[in-house]
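Notes for the one structure printed next.
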């Protein structure tokens, strides 16, 4: 489809063997000696730096020899050298003459497809690694011939066609497309696909005796109109209308001959860079005056895309008061592919001109702060109980308020309580103002908030709280992961696995390499690394990976600062407080951290620690020194130590987590203990010794959790866990608790058993055993739910050492649309003295997911006459510039929300929840992830046929707590199919454009002259064009018939006449 283009390139040719390797270079600085393609010999000579040729030779040789052809030879022509043997020249001439049709195709050895596919993959990795920038190449099997002279038809020219194919385009995208099509469609002994034949014609200008022009049939033309067009070159395509059948030959295809087949205008597109989605942006397609429509973007968009650019005034146009630049001129080697069907613009650009950013990076300028909106949510529960002695009523209402304005978020929460016999009381619990600071990747909170609690215990503060927000980081930056280091001898593929799953795969050039953007799962299991060289050799090694919460990646920083007043209940006087902490990743295995706390009541604490990842597991150790001055007591200073350990053993899959605290001196006080003791001593008459004795100050503390999957001989036998905690106090009292559990699945369901023992401060023990089963009814009978409405049954048995036994049973069910959920439950318990104190209880509850939020009701009673009942409801609402929208979820301070507008799409589900578009055309998604791409979808599977959505998904990148408005353009109206004929009673040409009276494009004519339109006025005129000549245009005056049915199915309007004159 492309005419021959002159360019500068060099060839590397492998002959006398089993395959042909052809590679062309357009890297800057490597210039070829340009010769006519019909001259002989075929070999081109590089005129520039031979170093690049040396590198190419080394890479191609390693690929070639990795597939075993021992008799193959590689020859590279350099300036002033002539190292090609006569035999090789003859063979190359034979190839060249096959292209021109002057002699038959030479005989080639038949080879198997598998080594060729491996070679293709290796070569593919080299090009995509960026080490042979802007280069393309392909290794293919050649058909074995019998040596007889064959004609010059396409079937006889498959080898030569493929040899010239790689000159067609110099982008990785085209190489990848060709590479896939060859492997998919070509096997040894079969014909080459039509794309390869067409490429031969476009390169040589020779159509093997058929025609000298590039031609395309109707299906190729329609494909060109649908598929991405490629910008950035000087292609000129010539279409032969003789290959268009019927009246399709009358369609004006001139706009496909030069430049891009894109109409000028504004396009809202998803923009990809080298196949990676970056953003959604407005792209202007503007006619540059040379019959070429070029894409133009703003400088801000270029920055957001991460492209290194150089802007020139001659490539600038001003639109709507803003400067736009020709995207094809901002950096060398750039190409764009506009897919009009998917509305995607894919930018192909050399890696050299892309900013070095981690995978998943999103420029902060793309974060959406949302609209101005108010939010309110409630959680109300009314409770009534009756027993033999008394009855009571109560109502609890948890309330959340919010207001978004610009980058600021105001949040408040409180509780309204009422009990029978008392007045209602309202408790305002928290109120704060918050915004993000993108430059610091942090959150600023003014008001009431709590510290994170990763260094010291979490404390509530009224004041200013500033902390870094890991949500603003990519997955490859947040959390902890080790750096993978190694040395590659060739262009190699590095595969990283965890638990047998590939979590990273990259191609690296020869020499040392580092991979820093690993995103492992969980907090353990070592990483298995495989280094596959270009010649097939493999290296295997393991990188230890265990993590504790204190570990960070190398050069990563985590910090927090809070200033204000301590917000703690029960104090006579709240002290002023300052607290801060900082963590820094010194290396990929070592993190150091520090923190301090200080109050105006003469309390200070300082902490210093380190965390390390080793082959034996992850360790964190820190020491805290506290200083306190207490009224009537004096100075109390003390030290505490903390050790954390985490490990997951790869072979046994054992997970071990240990945390230990040692309070080395009796006078160590935490901030909470010091504040309470100071407050009691300062504001009460209690004596010091009694105040001190009221606080159980820890001396030692140990927590252990071990989990062991039982996996033997490729069979799963369940999971075993052990946990325990031991606390010892300076008063010599202690308490201990440990448990052992096992869980597994069997044919009809799952079961678990847990045994627990505990000792209190008086060393009294308590033992208990709990056994539970879950049995899905569908395992017993597939039609059980359909007949009886219940899905499963749960049973539990608990027995304590004091002789108490309790048996519980419950069953659950739901409606087919999952809006109703219901359950029944019963329990029976006995005590140890067998004195008739047995108790039987029966209850049930039902939940309904309404469009205003979930409603629930419950009822229970016992054989002693006790009764309880409750009613509950929760939900929320959003007030914004368009009105009030009800939210079927409880909105709290953590929610980031999408307000979805889709007029007419009532009943359609939005997002991944059961939320729906309401009668006003709005729906809400409440679980967006801030600072990351979120796909908001509208499910149209149950949508009425009279409603059409231009798009069913949109991408948003919200700030934390934002309410972002997402609008879907809809067309509402009965669909009509217009069957249009010309005045000569022939069908309108396929692909003709249809416009309304305002010259707005509506649709295109389909097969048989039919057009689907909806949302039309009752009467009007359609303007149909399939060319610029007046004979290629006509008009349809229509009047829509009235409809009495309500099915909204499409209606056919047959034999609509399209007249030349309106």
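No value in this document is a laboratory result; all are computed from the given coordinates. All of these numbers come straight from a predicted model, not from anything done at the bench. Counting neighbours? That spans all protein chains shown, and the Cβs are built from the backbone with ideal geometry, glycine included.
Points to keep in mind about this one:
- Solvent-free Debye scattering, log10 I(q)/I(0), computed from the Cα coordinates of the range 506-550 at q = 0.14, 0.23, 0.32 Å⁻¹: -0.45, -0.96, -1.33
- Taking every Cα-Cα distance in the range 336-458 and sorting them into 10 Å bins starting at zero, the pair-distance distribution P(r) comes out as 9, 21, 22, 19, 15, 8, 4, 2, 0 percent.
- Each peptide in 630-642, 339-351 gets a packing score, the mean of other Cβ atoms within 10 Å over its residues, and the list from highest to lowest is 339-351, 630-642.
- Relative contact order [Cα under 8 Å, 6+ residues apart], the range 887-972, whole percent: 36 percent
- Theoretical gain in end-to-end length, residue 351 to residue 715 [0.36 nm per residue, Cα-Cα removed]: 126.4 nm
- Expressed in units of 2.2 N^0.38 Å, where N is the residue count, the Cα radius of gyration of the range 976-1058 is 1.06.
- Ranked packing of 459-467, 978-986, most packed first, by mean Cβ within 10 Å: 459-467, 978-986
- Counting DSSP beta bridges with both ends in the range 976-1058, the antiparallel % (nearest 5): 75 percent
- Translational diffusion of the range 841-955, µm² s⁻¹ [Kirkwood Rh, Cα pairs; Stokes-Einstein; 10 °C; 1.306 mPa s]: 98 µm²/s
- Calculated on the alpha-carbon coordinates, the convex hull of the range 887-972 measures out at 78 cubic angstrom per residue.
- Cα-based Rg and Dmax for the range 764-837, where Dmax is the largest Cα-Cα distance (Å): 16.6, 52
- Whole-number percent relative contact order across the range 976-1058, with pairs defined as alpha carbons under 8 Å at least 6 apart: 37 percent
- Relative protection proxy for 1050-1059, 544-553, from highest mean packing down: 544-553, 1050-1059 (other beta-carbon atoms within 10 angstrom).
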